[in-house]
Amino acid sequence: MEELLPMNPGKSFNNITEKKNYENTLQKSLKRYETLVDSIDGIVWEADVNITFTFVSKKAERLLGYSLTEWYQPNFWEDHLHPEDKERVVKFCKEQCGLLLPHDFEYRFLASDGRTVWLRDIVSIVTDNGNFTGLRGVMFDVSDYKNATEELGKSLSLLSATLESTADGILVVDRNGKITINNRKFQELWNIPDEVMHSKDDAKAIESILDQLISPNQFLMKIKELYEHPDWESMDEVEFKDGKVLGRYSKPQFINGNIIGRVWSFRNITVQKQYEKNKEKMLHNEIEARLEAEKSVRLRDDFLSIASHELKTPLTPIRMQIGLVKRNLKEIGGTHPKTMIIFKVLEDADKQFDRFLKLVDDLLDVSRITAGRLIIENEEINLSNLVLQKIDDYRPEFNLAKCDVIKKIEPNIIGFWDKMRIEQVLNNLFSNARKYGSGKPVEIFLSSLKNKDNTSTVQLIIRDHGIGIAKENIPKLFGRFERMTPISEFGGLGLGLYITNAIISAHGGSIKVESTLNVGSSFIVELPLSQ
Amino acid sequence: MKCNEILIVEDDKDIRDILKTSLELEGYNITTAENGKVGLELLPIMNKPCMILLDLMMPVMDGWAFAEAIGKDMKLAAIPIVVVTAFSKERTSGLKKIKSIIKKPIDLDLLLNQVRIYCGRAAAHESR
């Protein structure tokens with residue numbers, strides 16, 4: 001490579017040829033020098049002591065859009081500095097020049113089209129015998145770098161703001177056990193002293209928190225395991241001696257598919273855990289309470305059963321004793337006039353006995369209904385025949401009350417019902433009709449009706465023409481212990497319709513009443529007919 | 001073959017007595033036991049009964065246990081058992097091998113009808 005010759009205006013030549021050669025060489029050298037300067041991707045410049053440019057390379061025009069003439073104007077540099085940077089930059093430059101120090105700095109410069117361009121300026125001082133005579137330097141466009149740095153700064157600030165605003169404690173540790181980053185929440189959750197945090201040493205941080213934990217060994221084992229398997233994710237809970245519980249979640253940190261560390265996040269789940277514990281406790285209590293309730297239901301059922309047994313046990317010999325006397329009186333009494341009188345007394349005693357028995361049964365039924373233990377045991381019955389049978393059974397009562405019975409019974413309605421309970425319903429309704437409709441006919445209708453959905457309903461209507469029920473009393477009619485009439489005139493506990501309604505409901509049926517005061521009442525029972 | 005023998009297993013003395021008296025007046029031979037255990041002890045040594053009238057709730061051995069024990073004994077399993085009880089249907093539905101249930105308080109005529117089914121009309125009654 002040829003050397004660049006120094007320019008030396010005072011050089012003397014021996015002949016023309018030598019001079020020519022020298023000039024040629026000089027031209028070439030200058031050309032190469034210019035090409036070299038212009039090929040640098042920056043502005044090569046020289047300036048005088050007032051920082052007015054005396055030379056700029058051609059790149060200056062392209063980079064900032066100003067012509068070279070403009071560049072050589074006095075104060076060009078200062079005038080085109082970004083207003084926000086101007087004071088700082090000029091002051092710094094002049095200080096450095098005063099101290100004859102080369103300097104390297106960055107500032108914003110305004111391009112001719114109004115753009116802001118970031119320049120890095122590397123400046124050296126030109127001196128002559130120790131005196132400051134000018135400046136020389138290179139400017140590079142560092143806008144891209146600057147913008148990237150700014151973006152990076154934004155990302156960092158976003159990251160930092162995110163880290164600090166999250167309710168979780170976050171810790172990032174690199175593969176050498178050095179803490180890369182953490183948020184304040186992390187430090188708070190773990191009560192780690194500042195000096196430990198500042199050391200950035202994960203091992204130290206771990207050591208500082210161990211004595212707070214219930215199972216430090218387990219905690220350490222988990223960490224060891226995860227550091228041995230950098231690609232694992234994990235999720236578990238850490239329990240503190242003071243009752244605090246942290247949820248621990250850990251995930252590897254990747255860059256370009258390579259694991260460079262591990263991110264840990266910790267969440268305070270103490271309240272949640274307590275809630276879960278309470279919920280468990282509540283659930284447990286609930287189960288206990290249910291078992292207790294079931295036990296008391298069982299006890300009550302047993303009591304009802306035993307009460308029924310105990311109440312009826314003493315009645316048994318009385319009934320049989322009456323029966324025995326009646327039966328044998330006929331045989332031995334013969335035609336003695338007193339025989340018939342005694343027999344009549346025994347008959348009356350039997351009736352009183354029935355009344356008493358009915359009261360006991362009603363009270364037991366009410367207890368069963370209240371306890372929700374009215375059990376229906378269905379069997380196939382011919383309801384038509386049952387109703388006819390009951391009418392016959394009840395005929396003496398109707399006759400006594402001077403009630404003619406008008407009946408219209410559809411034959412052979414067969415379905416599944418509880419025979420004993422249906423008899424009870426009929427008894428109650430017949431008894432009411434007789435009681436409140438004495439002296440007037442009683443109508444009894446039984447029929448089956450086809451429903452729209454192809455199912456069938458059985459309808460039983462018992463109509464009396466007696467005292468009727470006042471409108472305001474109708475809603476109360478099926479209530480417990482409700483009585484619409486004075487006890488002095490009409491006896492009973494007022495339980496009949498309550499029990500009747502319960503039995504019909506238990507069969508999936510319904511009962512309603514249509515009544516007019518002093519005209520009479522119709523009780524309409526509807527039962528689903530399933531065959 | 002006529003059979004007059006009836007075993008009554010009932011813990012309540014008043015009920016036991018009136019049952020015994022009523023049935024004896026009709027001409028039957030009555031043996032009584034105050035619980036299932038006594039009943040089981042009496043069965044092998046008494047004349048084989050044509051029926052057993054059985055109460056359910058009794059001390060020592062109740063009617064359910066008695067009926068089960070009878071059911072397992074080949075010699076006794078064929079004896080008809082009629083239960084007399086104050087229990088409602090739900091408490092008696094579990095009983096097997098029971099011919100019928102008479103509810104307490106017992107209607108004498110109903111009882112005698114049942115007795116006649118298994119034992120026939122008693123001699124004393126027939127003689128009249």
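The values are calculated or read from the model by the stated rules, or taken from the named source; none is laboratory data. Note that the structure is predicted; figures quoted are calculated from it, not measured. A quick note on method: Cβ atoms are made from the backbone with ideal geometry, for glycine too, and the neighbour counts reach across all protein chains shown.
Of all residues in segment B:22-52, those that are surrounded by fewer than 16 Cβ atoms within 10 Å (Cβ to Cβ), outside any loop (DSSP other than H, G, I, E, B) and not acidic (Asp, Glu) total 2.
Quick check: is even one residue across segment A:85-99 surrounded by 13 or more Cβ atoms within 10 Å (Cβ to Cβ), without any contact (Cβ under 8 Å) to a residue 60 or more places away in the chain, out of contact with any helix residue (DSSP H, G or I) (no Cβ under 6 Å at 6 or more places or on another chain) and not in a helix (DSSP H, G or I)? Scanning segment A:85-99, I find no residue that is surrounded by 13 or more Cβ atoms within 10 Å (Cβ to Cβ), without any contact (Cβ under 8 Å) to a residue 60 or more places away in the chain, out of contact with any helix residue (DSSP H, G or I) (no Cβ under 6 Å at 6 or more places or on another chain) and not in a helix (DSSP H, G or I), so the answer is no.
May I ask you to list the residues in segment B:67-94 that are modelled with pLDDT under 85, touching a Leu at 6+ places or on another chain (Cβ under 9 Å) and within 14 Å of chain A (Cβ to nearest Cβ)? Within segment B:67-94, B:85, B:86, B:87, B:88, B:91, B:92 qualify. Only one of the numbered conditions (1) surrounded by fewer than 15 Cβ atoms within 10 Å (Cβ to Cβ); (2) not in a helix (DSSP H, G or I) is violated by residue A:381, and that is (1). In segment A:342-358 there is at least one residue matching the filter, namely being away from every other protein chain (no Cβ under 13 Å) and either β-branched (Val, Ile, Thr) or buried (at least 17 other Cβ atoms within 10 Å of the Cβ) (or both).
What number of residues within segment A:320-332 are surrounded by 14 or more Cβ atoms within 10 Å (Cβ to Cβ) and more than 9 Å from every other protein chain (Cβ to nearest Cβ)? Spell out how you get there, then give the answer.
Filtering segment A:320-332 for residues surrounded by 14 or more Cβ atoms within 10 Å (Cβ to Cβ) gives A:320-329.
Now narrow it down to the ones that are more than 9 Å from every other protein chain (Cβ to nearest Cβ): A:325, A:329.
The total comes to 2.
If the condition is being surrounded by 15 or more Cβ atoms within 10 Å (Cβ to Cβ) and in contact with a Pro (Cβ under 7 Å, 6 or more places away or on another chain), then segment A:492-514 contributes only A:509. For residue A:294, indicate whether it is of a type in the set (Asp, Glu), away from chain B (no Cβ under 14 Å), over 28 Å from residue A:223 (Cα atoms) and surrounded by 10 or more Cβ atoms within 10 Å (Cβ to Cβ). In short, yes.
Within the option set A:135, A:68, being of a type outside the set (Phe, Trp, Tyr), within 23 Å of residue A:37 (Cα to Cα) and surrounded by fewer than 17 Cβ atoms within 10 Å (Cβ to Cβ) holds for one residue only, A:68.
Can we say residue A:278 is part of a helix (DSSP H, G or I) and exposed (fewer than 10 other Cβ atoms within 10 Å of the Cβ)? Against the criterion (part of a helix (DSSP H, G or I) and exposed (fewer than 10 other Cβ atoms within 10 Å of the Cβ)), residue A:278 does not qualify.
Quick check on my filter: what residues within segment A:30-84 are hydroxyl-bearing (Ser, Thr, Tyr) and outside any loop (DSSP other than H, G, I, E, B)?
Let us first name the residues in segment A:30-84 that are hydroxyl-bearing (Ser, Thr, Tyr), namely A:33, A:35, A:39, A:52, A:54, A:57, A:66-67, A:69, A:72.
Matches in segment A:30-84: A:33, A:35, A:39, A:54, A:69.
Only one residue in A:244, A:224, A:277 is in contact with a Ser or Thr (Cβ under 6 Å, 6 or more places away or on another chain) and of a type outside the set (Val, Ile, Thr). Which one? Steps first, answer last, please.
On the way: A:224 fails: in contact with a Ser or Thr (Cβ under 6 Å, 6 or more places away or on another chain); A:277 fails: in contact with a Ser or Thr (Cβ under 6 Å, 6 or more places away or on another chain).
Of the residues listed, the single one that is in contact with a Ser or Thr (Cβ under 6 Å, 6 or more places away or on another chain) and of a type outside the set (Val, Ile, Thr) is A:244.
Checked against (1) at pLDDT 90 or above; (2) in contact with a strand residue (DSSP E or B) (Cβ under 9 Å, 6 or more places away or on another chain), residue A:65 meets all criteria but (2). All but one of (1) over 16 Å from residue A:426 (Cβ atoms); (2) out of contact with any Pro (no Cβ under 8 Å at 6 or more places or on another chain); (3) at pLDDT 90 or above hold for residue A:388, so report the exception by its number. Failing condition for residue A:388: (1).
Taking only pairs six or more apart or across chains, which ones have beta-carbon atoms under 9 Å, a first residue in segment A:390-412 that is on the phi > 0 side of the Ramachandran plot and assigned to a loop (DSSP other than H, G, I, E, B), and a second residue that is among the aliphatic types (A, V, I, L, M) and surrounded by 17 or more Cβ atoms within 10 Å (Cβ to Cβ)? From segment A:390-412, the pairs are A:412/A:383. The sole residue among A:241, A:222, A:281, A:204 that is under 17 Å from residue A:187 (Cα atoms) and either among the basic types (Lys, Arg) or over 30 Å from the mean Cα position of the chain (by Cα) (or both) is A:204. Looking only at segment A:131-150, count how many residues are out of contact with any Lys or Arg (no Cβ under 7 Å at 6 or more places or on another chain) and not in a strand (DSSP E or B). Qualifying residue count, segment A:131-150: 8.
With the structure loaded, tell me whether residue A:50 is touching a Ser or Thr at 6+ places or on another chain (Cβ under 7 Å), under 23 Å from residue A:124 (Cα atoms) and modelled with pLDDT of 85 or more or whether it fails that test. Outline the logic, then answer.
On the way: touching a Ser or Thr at 6+ places or on another chain (Cβ under 7 Å): no; under 23 Å from residue A:124 (Cα atoms): yes; modelled with pLDDT of 85 or more: yes.
No; evaluated as a whole, the condition is false for this residue.
Residue pairs whose Cβ atoms lie under 6 Å apart, separated by 6 or more positions or on different chains, with the first residue in segment A:299-319 and within 7 Å of chain B (Cβ to nearest Cβ) and in contact (Cβ under 8 Å) with a residue 40 or more places away in the chain and the second part of a helix (DSSP H, G or I) and of a type in the set (S, T, N, Q), do not occur. Going through (1) at pLDDT 90 or above; (2) of a type outside the set (S, T, N, Q); (3) closer than 25 Å to residue A:369 by Cα; (4) outside any strand (DSSP E or B) one by one, residue A:465 falls short only on (3).
Quick one: in segment B:25-55, of everything that is among the charged types (D, E, K, R) and touching a residue at least 40 places away in the same chain (Cβ under 8 Å), which residue is farthest from the other protein chains (Cβ to nearest Cβ)? Give the derivation first.
Going residue by residue through segment B:25-55, those that are among the charged types (D, E, K, R) are B:26, B:34, B:37, B:41, B:48, B:55.
Of the ones still in play, those that are also touching a residue at least 40 places away in the same chain (Cβ under 8 Å) are B:26, B:48, B:55.
Working: B:26: 9, B:48: 26, B:55: 9 Å.
Among them, the one singled out is B:48.
Name the residues in segment B:1-21 that are buried (at least 21 other Cβ atoms within 10 Å of the Cβ) and either over 10 Å from the mean Cα position of the chain (by Cα) or farther than 24 Å from residue A:321 by Cβ (or both), would you? Passing the criteria: B:15, B:18. From the list A:378, A:385, the lone residue that is under 30 Å from residue A:412 (Cβ atoms), within 13 Å of chain B (Cβ to nearest Cβ) and out of contact with any helix residue (DSSP H, G or I) (no Cβ under 6 Å at 6 or more places or on another chain) is A:378. Residues in segment A:114-130 that are in a strand (DSSP E or B) and either closer than 18 Å to residue A:79 by Cα or out of contact with any Leu (no Cβ under 9 Å at 6 or more places or on another chain) (or both): A:116, A:117, A:118, A:119, A:120, A:121, A:122, A:128.
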